[in-house]
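Worksheet for the structure shown next.
No value in this document is a laboratory result; all are computed from the given coordinates. Not measured: the values here are computed from a predicted model. No Cβ is skipped: glycine too gets one built from the backbone with ideal geometry, and neighbour counts run over all protein chains shown.
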Amino acid sequence: MTPLPAEFSELPAARLTEALGQSEAFLAFQERLSRVAKVDRPVLIVGERGTGKELAARRLHYLSERWEHPLVALNCAALAPTLIEAELFGHEAGAFTGATRRRAGRFEAADEGTLFLDEIANIPAEAQEKILRVAEYGTFERVGSAQSVQVDVRIVGATNADLTALAAGGRFRQDLLDRLSFEVLLLPPLRERRGDVSLLANHFAARMAFELGRAEVAQLGEGALAALRGHSWPGNVRELKNVVERAVYRSDSPVITTIEFNPFGASLSAPPAAATRKPEGPGRHEEAAHAADLMRRPLKEAVRDLEIALLKRALEEARHNQRQAARILGLTYHQFRGLYRKHYDAL
């Protein structure tokens, strides 16, 4: 077999310390992953962006019988469709313009180990057909060659797309999906991992303080933790990591009190824990009565009063930071300013 080029060196050992969690959803996922790791079959990892699909793939590899052999990764969304086939299967000299020598592909690099195909839904149809052949028979031909190459590779795919829907629409081969989905591991989003936000946040804070060479371990104040727990985390663990590390880096104190979710906007001081609690008792009854009253009034008058009430609430929650109030209302800053000027006398 052709010697492998240096750029196909094995991925770094899994940083298993980042696979932290104590929630039921997280522990159930890890149990399923550990169980299937020992079974030498293809696996699909499905999850939203930032949930840690590559970390899960690494853990799967290092818990498998192939752990002493290469773990090779390819992000299928990072390459043009015309380049993926040559990247996966290699090519012969002269196969296309610029191919001056024979080059091994990722499948050869991962022989006896694991090939992790991230963003697998982006693979073009021609390459899908060749992957199916490798999955079934362990053979393929390099681009520009008719000679078969034999490999022993476990395929682990990852995606945030609905492969079933793509297959139904003819954009992903159903037979390949059937072959790769011996087991499908569904990574839970961070919003469903109750209790894990604080655990992960403290871990990221401590590690960032150490990386910055600070003598004291960074701690998140109760207000900061309350702000983190109240966020919906559309970017999941990756977003949490960035938010916490940025807060530690910007703070001159070991106790973190300010959290900024959007680095492109103005700073948002974390509200105290009490401010994040929903009103109880009479407050909720007053809101219900107010809503009922609005339903009985003329449309224009009701809309005006509702806009004023929402503006007041958003400004209070944002501590009169107008950019943050705009985000709370789902408005652009200019839309918010227009609404604010419209009702200025009533605020």
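Please compute one quarter of the surface area of the Cα convex hull for the stretch 194-276 and express it in square nanometres. Walk me through the numbers before you get to the answer.
Values: hull surface 20.8 nm².
Averaged projected hull area, Cα only: 5.2 nm².
To the nearest 20 Debye, how big is the dipole of the stretch 97-158 about its Cα centre, given +1 on the beta carbon of each Lys and Arg and -1 on that of each Asp and Glu?
The calculated dipole for the stretch 97-158 is roughly 300 debye.
Can you sort 71, 311, 331 by how many other beta carbons sit within 10 Å, fewest first?
On the way: 71 25, 311 20, 331 16.
Least crowded to most crowded, the residues run 331, 311, 71.
What ranking do 179, 58 get, fewest neighbouring Cβ atoms within 10 angstrom at the top? Provide the component values of the computation, followed by the final result.
Values: 179 17, 58 24.
Least crowded to most crowded, the residues run 179, 58.
Return the whole-Å distance between the Cα centroid of the stretch 116-181 and the Cα centroid of the stretch 58-98.
Rounded to whole Å, the Cα centres lie 12 Å apart.
Please report the relative contact order for the stretch 107-210, taking Cα pairs under 8 Å with a sequence separation of at least 6, and give it as a percent rounded to a whole number.
It comes to 29 percent, rounded to a whole number.
For a quick check: sort 51, 164, 159, 257 by the number of other beta carbons within 10 angstrom, fewest at the front. Don't skip to the end; give the middle numbers.
Values: 51 25, 164 13, 159 21, 257 16.
In increasing order of surrounding Cβ atoms, one gets 164, 257, 159, 51.
Positive end of the charge dipole of the stretch 194-276 (Lys, Arg +1 and Asp, Glu -1 on Cβ, about the Cα centre): tell me which of 209, 258, 236 has its Cα farthest that way.
It is 236.
Hey, what D do you get for the stretch 6-188 in µm²/s if you plug the Kirkwood alpha-carbon radius into Stokes-Einstein at 25 °C and 0.890 mPa s?
On the way: Rh = 16.8 Å.
Using the Kirkwood radius from Cα pairs, D works out to 146 µm²/s.
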